[in-house]
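**Q** Sending over a structure as C-alpha cells; questions will come in a sec.
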Amino acid sequence: MAIRADVAAQRARACKAFMAQVHSTTAKEGITPSTLHALKLKLVALAKRADLFPLADFAMPDAQGRTYPLLVEENDGHGLYLTIGLPGKEAAPHDHGIWCVNAAVSGQEQHVFYRRTDDGRRAGSATIAKVGEVMVEPGSGMVMADHDIHSTEVVGDRPAVGLALYGYALARFPSVTWFHPEFTSVRATLSRRHAA
Ligand SMILES: [Fe+2]
C-alpha cells in the first residue's frame, strides 16, 4: 500500500506541475493554435509516464468508458482527467464547444475530424464533411479548438487509456453538439455552464 500511496502522491505532483505549465503557456499568449499544440506536447510527455497511471488505481468500466478526475480546478478553471474506453467504444461526431487536448497512456483511439458544411440556418439540420484523422496512441495525442468536430472509436483489442485536458471542467461543460450525418441532423445537449 505504501508504494501505491507514493504513486498517487507522485501523480498528484506531476498533474499539478503540468497544470502550472498549462497556465504559464496560456497566460502569455492565450488559447491559440500554437499554444494548443504546445499543450498537446506537454500532455503527451505526461502520458508517457505510464508508471504514474497504473491500472490498479483506475478500475475498468463495466461497459463503454469511464472518466476519472485527476485535477479539476475550482471556479471556471480547467479539468484534467484520465479516460478509459473499452474496445469498440464509439462516439458520433460532436463539437464540445470548448477546446480539449488528449494524449494516450496505452491502447489506440481513432479520431476523425470534420467541418460543418451547411449554413446552420435550418434548425435541427446539419451536414458535415471529413477533414482528417489521427490515431491517438502512446507517444501521440490530439488537440481541438472550441468548435472543432470529432468522432472517436477505440480500435484494437485493448482498452484505450488516455489523459484529457478540457478548457472547462466536465461539470461545467458548455452545450455539446451532436451530429448525425446519415440523417443530416444535429442536436445539442444542455449547457452546464451555470449549473455549478
Ligand atoms: Fe469528444
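A short reminder: the numbers here are calculations on the coordinates, not readings from a lab. Owing to the predicted nature of the structure, the values given are computational and were not obtained by experimental measurement. Neighbour counts run over all protein chains shown; Cβ positions are idealised from the backbone, glycine included.
**Q** For the range 1-96, what class follows from the C-alpha gyration tensor (a ≥ b ≥ c being the square roots of its eigenvalues): rounded when a/c is under 1.5, otherwise prolate if a/b is larger than b/c, else oblate?
**A** Working: a/c = 2.02, a/b = 1.18, b/c = 1.71.
Because a/c hits 1.5 or more and a/b fails to exceed b/c, the range 1-96 counts as oblate.
**Q** For the range 1-94, which trypsin sites (Lys or Arg not before Pro) pass both filters: DSSP loop (anything but H, G, I, E, B) and at most 14 other C-beta atoms within 10 Å?
**A** Lys48, Arg49
**Q** Please list, in order along the range 42-59, the HN-Hα scalar couplings obtained from phi with the Karplus expression 6.51 cos²θ - 1.76 cosθ + 1.60 (θ = phi - 60°), rounded to whole Hz, x for Gly and Pro.
**A** Computed from phi, the couplings for the range 42-59 are 5, 6, 4, 4, 5, 5, 5, 7, 4, 5, 7, 10, x, 5, 4, 8, 9, 5 Hz.
**Q** Looking at the range 5-88, which GluC sites (Glu not before Pro) are in a loop (DSSP not H, G, I, E or B) and have at most 11 other Cβ atoms within 10 Å?
**A** Sites meeting the loop and neighbour criteria: Glu74.
**Q** How many nm separate the modelled label positions at Ala27 and Ala5, each set 7 Å beyond the Cα in the direction of the Cβ?
**A** Roughly 3.3 nm, to one decimal.
**Q** What is the projected area of the convex hull of the Cα atoms of the chain, averaged over all directions, in nm²?
**A** Over all viewing directions, the chain projects a mean Cα-hull area of 11.9 nm².
**Q** For the range 1-33 and the range 131-196, what is the separation of their C-alpha centers, rounded to whole Å?
**A** 21 Å
**Q** Moving to a separate point now. Roughly speaking, what is the stretch gain from Arg187 to His147, that is 0.36 nm per residue apart minus the C-alpha to C-alpha distance, in nm to one decimal?
**A** Contour length minus Cα-Cα distance gives 12.9 nm.
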